[in-house]
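Q: Can you keep this structure in mind? I'll have questions shortly.
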Amino acid sequence: MTTQSYKQYGETVHRFKLQGRLPVTFIEKPGYHKVYVTLTAPLGAIHRFFNDSSKKRHTVPAGAAHFLEHKIFEQEGEDISRHFAIQEAQVNAYTEHHRTTYLFSATNYVYENTVRLLNMFFYPHFTPEGVEKEKNIIIEELNMHLDNPHYQQYYQLLRQLFHNHPVSEDILGTKESIQAINYEILRQVHAAYYQPEKCHLTLVGDPVHLDVIKRLETDVKLPVSEGLDVQAINQEEPLHVVTERFTLEADVLTPSVMFGIKRMEEGALNSQDRLKHQIATTLFFDLVFGQSGPFYEAWLEEGLINDAYDYEVSFEPSYGMVFIYAESPKPEAFLERLHETMGDLVTTAPVLEEDFIRVKRQMLGNFVRSLDALEHLAHESTRLALQDVSVYDLLEIAQKLPLESIQNIASTLKEETFSSVIMKPKNTKKMSDG
C-alpha cells in the first residue's frame with residue numbers, strides 16, 4: 001500500500017492493488033460517519049466490441065452495458081438490493097458512455113456490504129429466464145426517457161455531431177437492440193470488461209475503515225480471466241458535424257436551444273494532456289460564457305435567454321464535446337447571435353489576465369469545497385482512476401495552468417464543428433368546428 005498526503009487540503013489517500021490485481025483507492029475523511037464505496041468497470045454504452053481468446057472480434061447490441069448493470073443485481077432470481085438494505089446500506093448503479101459504476105453508502109456493516117458489492121460485481125448469477133423478463137422493464141425505461149423532450153433534444157444533437165462514433169447511440173439502446181440481447185452476450189461482455197485489473201474500487205470515509213480493505217485481501221476471491229479482452233474505440237470519425245441545425249417540436253412551454261461543439265482532437269490525447277485541455281477549455285468558457293462574462297447579461301437584457309442557461313465541457317477517451325443550453329423565447333435570434341459570437345471570438349477573444357486569475361481562483365475554490373462532498377469525491381475519484389489520473393491532479397493542473405493555455409482556444413472554434421437543436425412547443429392550434 002502506498003500513502004500520499006495532500007497537506008494543503010488535509011487529505012490522505014491510500015492506494016494499493018487487492019491481491020495484486022484490483023486497484024483500490026481509500027480516501028481518508030476523519031470524523032465522517034458515512035462511507036461511500038464505488039466499484040467501476042470500464043464498460044460503457046460506447047463499448048460495443050470485445051475479442052475472444054483467439055483474438056476474433058465480436059460486436060454486441062447497443063444497450064448491452066446498461067442491460068448488464070440491471071442483471072448484476074440479480075442473484076439466482078432475487079434482487080440483491082434487499083440484502084444491502086437489511087444491512088443499512090443504500091445501493092445504486094449507473095451506466096455512462098465510458099463506464100458503469102456500482103455504489104453504496106452506509107454508516108454500519110461497511111465490510112459486509114463491500115464484500116457483497118464485490119461478489120455481485122464479479123460473480124453475477126443472472127439467468128437466461130431473468131434476461132428475457134428484464135427486456136420489457138428496460139424497454140419501458142427507454143419509453144419513459146423518450147417521452148422526456150430534453151432527452152430527445154440531447155440525443156438529436158449527438159446524432160448531428162457524430163457520424164460513426166457510438167456515443168451518438170442511446171445508452172439504453174433501441175427497442176430492437178434490447179430484444180437482441182441474450183444471456184450469452186451479457187455473460188461474454190461481463191467476462192471481457194469486468195476483469196479485476198481493468199476495474200477500480202474506491203472507498204471514502206473515516207480511516208477506521210481502513211481495516212476493511214486489509215480484510216478483503218484474504219476474504220475475497222477474485223475471478224480468473226477467461227481470456228476475453230476489450231477492443232479500443234477506433235472508428236474513423238470526421239472532425240466536421242453531420243448536420244448543422246435541426247428543429248423539433250415537443251410538449252414544452254418555452255423554446256430552447258442546445259448548441260454543440262465537436263472536439264475530436266482532445267479525445268485522442270493521453271489522459272494528462274486531455275485533462276489539461278478540459279480544464280483550459282472550461283476556464284475559457286467560464287470567462288466568455290459564464291454569468292460574469294461579457295455576453296450573459298446582455299443576452300438576458302435583450303430577452304434572448306432566461307436564467308435556464310448552462311454550458312458543459314466533456315472530454316473523454318476517443319471524443320470530446322462542449323454544450324451550451326438555454327431556454328429562449330427567441331431561439332433563432334439567440335442561435336444567430338451565438339454563431340456571430342463564436343466567429344468574433346476567433347479574432348477578438350476577451351481574455352484578460354485579471355479575469356483569468358479570477359475564474360481560476362473560483363474553480364480552485366469550488367474544487368476544494370467539493371472535497372467535503374463525499375459522494376461527489378467518490379464518483380470523481382473512480383472516474384479519473386480508470387484513466388490513470390488522480391482526482392487531486394485536477395487541482396495541481398489548474399494551479400499551474402498559464403493564461404497562454406486558453407488564449408488559442410478561440411482559434412479552434414470552427415463553424416464545421418458546430419451543430420444545434422432548437423426545441424419549440426408543439427403547434428396547439430384549435431381544431432375547427434367542422
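The values are calculated or read from the model by the stated rules, or taken from the named source; none is laboratory data. In this text, all values refer to a predicted model and were calculated from it rather than measured experimentally. Every residue, glycine as well, gets a Cβ built from its backbone with ideal geometry; the counts of neighbours run over all protein chains shown.
Q: May I ask you to verify whether Glu375 is under 30 Å from Phe16 (Cα atoms) and crowded, with 20+ Cβ neighbours inside 10 Å? Explain how you work it out, then say what you get.
A: Working: under 30 Å from Phe16 (Cα atoms): yes; crowded, with 20+ Cβ neighbours inside 10 Å: no.
Spelling it out, it is not the case that Glu375 is under 30 Å from Phe16 (Cα atoms) and crowded, with 20+ Cβ neighbours inside 10 Å.
Let's see how each residue does on (1) assigned by TED's automatic domain parsing to the domain that holds Val224; (2) without any contact (Cβ under 8 Å) to a residue 60 or more places away in the chain; (3) within 20 Å of Ser177 (Cβ to Cβ):
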{"site": "Ala64", "(1), (2), (3)": "yes, no, yes"}
{"site": "Asp79", "(1), (2), (3)": "yes, yes, no"}
{"site": "Thr107", "(1), (2), (3)": "yes, no, no"}
{"site": "Asn113", "(1), (2), (3)": "yes, no, no"}
{"site": "Pro128", "(1), (2), (3)": "yes, yes, yes"}
{"site": "Gln152", "(1), (2), (3)": "yes, no, yes"}
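Q: Please give the number of the condition Leu146 fails out of (1) in contact with a helix residue (DSSP H, G or I) (Cβ under 7 Å, 6 or more places away or on another chain); (2) touching a residue at least 40 places away in the same chain (Cβ under 8 Å).
A: (2)
Q: Residues being crowded, with 20+ Cβ neighbours inside 10 Å and more than 15 Å from Tyr194 (Cα to Cα): count how many of those fall in segment 76-96.
A: Counting residues in segment 76-96 that are crowded, with 20+ Cβ neighbours inside 10 Å and more than 15 Å from Tyr194 (Cα to Cα) gives 3.
Q: What number of residues within segment 131-147 satisfy the criterion of being more than 16 Å from Gly63 (Cβ to Cβ) and buried (at least 19 other Cβ atoms within 10 Å of the Cβ)?
A: Here the count works out to 0.
Q: Right, something else. Has segment 354-371 got any residue that is touching a His at 6+ places or on another chain (Cβ under 6 Å), without any contact (Cβ under 8 Å) to a residue 40 or more places away in the chain and surrounded by 13 or more Cβ atoms within 10 Å (Cβ to Cβ)?
A: Applying the first criterion (touching a His at 6+ places or on another chain (Cβ under 6 Å)) to segment 354-371 yields 370.
From what is left, the residues that are without any contact (Cβ under 8 Å) to a residue 40 or more places away in the chain are 370.
Narrowing further to those that are surrounded by 13 or more Cβ atoms within 10 Å (Cβ to Cβ): 370.
Yes, because at least one residue in segment 354-371 is touching a His at 6+ places or on another chain (Cβ under 6 Å), without any contact (Cβ under 8 Å) to a residue 40 or more places away in the chain and surrounded by 13 or more Cβ atoms within 10 Å (Cβ to Cβ).
Q: Is there a residue being closer than 14 Å to Leu371 by Cα and either over 24 Å from the mean Cα position of the chain (by Cα) or surrounded by 18 or more Cβ atoms within 10 Å (Cβ to Cβ) (or both) anywhere in segment 36-58? First the steps, then the outcome.
A: From segment 36-58, those closer than 14 Å to Leu371 by Cα are 36; that's our starting set.
Then keep just the ones that are either over 24 Å from the mean Cα position of the chain (by Cα) or surrounded by 18 or more Cβ atoms within 10 Å (Cβ to Cβ) (or both); that gives 36.
Yes, segment 36-58 has at least one match.
Q: Can you work out which of the residues in segment 257-272 that are modelled with pLDDT of 95 or more and of a type outside the set (Lys, Arg) is surrounded by the fewest Cβ atoms within 10 Å (Cβ to Cβ)? If you could, list the steps in order and put the result at the bottom.
A: From segment 257-272, those modelled with pLDDT of 95 or more are 257-262; that's our starting set.
Keeping just the survivors that are of a type outside the set (Lys, Arg) gives 257-261.
Numbers: Val257: 23, Met258: 20, Phe259: 22, Gly260: 22, Ile261: 22.
Applying the filter and picking the extreme gives Met258.
Q: Shifting gears a bit: If I go through segment 74-102 residue by residue, how many of them are at pLDDT 95 or above, assigned to a strand (DSSP E or B) and over 21 Å from Ala64 (Cβ atoms)?
A: Going through segment 74-102 one residue at a time, the tally reaches 3.
Q: Looking only at residues in segment 334-352 that are of a type in the set (A, V, I, L, M) and exposed (fewer than 14 other Cβ atoms within 10 Å of the Cβ), which one is farthest from Leu403 (Cα to Cα)? It would help to see each step written out before you state the result.
A: Restricting attention to segment 334-352, the residues satisfying the condition of being of a type in the set (A, V, I, L, M) are 335, 338, 342, 345-346, 349, 351-352.
Filter once more, so that each one left must be exposed (fewer than 14 other Cβ atoms within 10 Å of the Cβ): 346, 352.
Numbers: Val346: 16, Leu352: 9 Å.
The selected residue is Val346.
Q: Kindly check whether there is at least one residue in segment 239-256 that is at pLDDT below 90 and surrounded by fewer than 18 Cβ atoms within 10 Å (Cβ to Cβ).
A: The first filter runs over segment 239-256 and keeps only residues at pLDDT below 90, leaving none.
Checking segment 239-256: not a single residue is at pLDDT below 90 and surrounded by fewer than 18 Cβ atoms within 10 Å (Cβ to Cβ).
Q: Out of Ile305, Ile279, Ile324, Ile261, which single residue is farther than 30 Å from Leu384 by Cβ and assigned by TED's automatic domain parsing to the domain that holds Gln407?
A: Numbers: Ile279 fails: farther than 30 Å from Leu384 by Cβ; Ile324 fails: farther than 30 Å from Leu384 by Cβ; Ile261 fails: farther than 30 Å from Leu384 by Cβ.
Only one candidate passes the filter, namely Ile305.
Q: Cβ-Cβ distance below 6 Å, separation of 6 or more or different chains: which pairs start in segment 215-229 with a residue that is of a type in the set (Ser, Thr, Tyr) and end on one that is in a loop (DSSP other than H, G, I, E, B)?
A: Correct list of pairs: Ser225/Gln195.
Q: Return the residues of segment 24-34 that are surrounded by 11 or more Cβ atoms within 10 Å (Cβ to Cβ) and out of contact with any Ser or Thr (no Cβ under 9 Å at 6 or more places or on another chain); say none if nothing qualifies.
A: Within segment 24-34, the subset surrounded by 11 or more Cβ atoms within 10 Å (Cβ to Cβ) is 24-29, 32, 34.
Once the filter is applied, which keeps residues that are surrounded by 11 or more Cβ atoms within 10 Å (Cβ to Cβ) and out of contact with any Ser or Thr (no Cβ under 9 Å at 6 or more places or on another chain), segment 24-34 yields Lys29, Tyr32.
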